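Only one structure is covered here, and it is reproduced in the block below.
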Amino acid sequence: MKADLRPVGADANPRDPNQHRWGLHLVIGPNPSLASDGETSVSQDQGPSRVTCPPNSPAMRWPVTALLVWAAAWALFAALSSIAVPALAAALAATLIGVCACSRAALAATSWRRVLLASGFPLSLAASGLCAALPAWTWLIPLSMLAALYPLQAWDDAPLFPTPRGALAGLPGVAPLPDGACIVDAGCGLGAGLRELHAAYPQANIVGIEWSRPLAWVSAWRCRFAQVKRADIWAADWSGCAMVYLFQRPESMARAAAKAAKELAPGAWLVSLEFEVESCRPSAMLRCADGRGVFLYRAPLRLQAL
């Protein structure tokens with residue numbers, strides 16, 4: 001099996017990643033090392049089969065997205081102030097525009113850009129001097145909101161990184177699952193990964209686990225098809241899962257692999273977006289339209305000492 005990233009259409013420019021006109025080309029061919037007992041590999045005379053995932057819709061260039069989000073926040077702040085809304089309420093409402101924009105991967109592709117989107121309005125408000133009318137304690141409000149979104153126990157896990165649209169479209173071609181199979185999104189955040197898993201496996205039983213109570217509430221509201229639990233992903237039992245999906249960070253992948261090796265039943269899958277397990281060779285790998293990898297590990301995982 002081979003997966004590569006190629007431009008879609010004659011006008012695609014491979015030097016410009018902002019065009020987002022890249023598609024996933026997955027070539028599945030014979031690979032005896034990936035075939036387990038009871039599985040049938042593709043014979044040589046059949047030739048490879050190609051699965052192409054359509055590219056994402058074009059995204060607006062950075063920093064135009066940031067300028068538009070900040071302009072919208074200032075426009076809302078000005079409009080609310082003009083109708084005698086209290087300054088604190090107007091500032092909080094305007095700040096929420098940047099916070100909500102962070103959940104859209106098309107607006108900001110990296111973590112630093114998401115931070116800039118969220119902090120642009122409050123920082124510019126502080127620099128403008130208009131916040132002089134606000135009491136000093138109001139700056140505790142965003143800190144309290146941050147503590148509610150990310151409790152101390154969740155600080156060792158990944159920040160809010162939403163799964164890009166279409167990132168998991170190629171999973172059923174590599175890891176087919178029966179109807180009713182249990183798929184867990186470990187750390188579901190605002191539910192972007194749950195939606196992508198549901199799109200890939202519409203007949204599966206989708207479960208989201210999230211430690212942050214506000215994020216779990218939002219995820220449950222956005223993803224009525226899924227069962228969202230407020231729980232610790234490391235304390236949850238993975239033994240009954242056909243697939244566990246993660247979008248964590250490099251530092252936590254060794255812990256996730258050790259848990260999967262201990263709890264996942266033979267034939268189950270551990271799927272990680274962007275970050276691979278260094279001590280284990282992936283059973284398969286896909287590539288998203290934005291170039292990030294999707295690493296698949298089939299149980300039983302054979303971990304090697306580094």
Exercise. Rank W221, W234, W62 by accessible area, highest first, at a 1.4 Å probe radius?
Worked result: W221, W62, W234
For this session: Run the 1.4 Å probe and let me know the accessible area of C188, rounded to the nearest 10 Å².
Result: 10 Å²
Exercise. Taking amide H positions as placed 1.01 Å from N in the peptide plane, with prolines and chain starts having none, which residues 5 or more places from K229, or on another chain, fall under 5 Å of its amide H?
Worked result: G208, I209, E210
For this session: For V174, tell me the accessible area in Å² from a 1.4 Å probe, rounded to the nearest 10.
Result: 30 Å²
Exercise. Roughly how many nanometres apart are two label points built 7 Å out from the Cα toward the Cβ at Q203 and R61?
Worked result: 4.6 nm
Problem set entry | Point-to-point label distance, R113-A235, nm (Cα→Cβ direction, 7 Å offset) | 3.7 nm
Exercise. Once you put a point 7 Å from the Cα of L123 and another 7 Å from the Cα of W217, both along the Cβ direction, what distance in nm separates them?
Worked result: 2.9 nm
Exercise. How many percent of Cα pairs in region 156-222 exceed 20 Å?
Worked result: 26 percent
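The values are calculated or read from the model by the stated rules, or taken from the named source; none is laboratory data. As the structure is a prediction and not an experimental result, all values here were calculated from the model. Counting neighbours? That spans all protein chains shown, and the Cβs are built from the backbone with ideal geometry, glycine included. Each accessible area value is taken on the protein alone, full model and side chains, heavy atoms only, with ligands, DNA and RNA left out. Shrake-Rupley method; radii C 1.70, N 1.55, O 1.52, S 1.80 Å.
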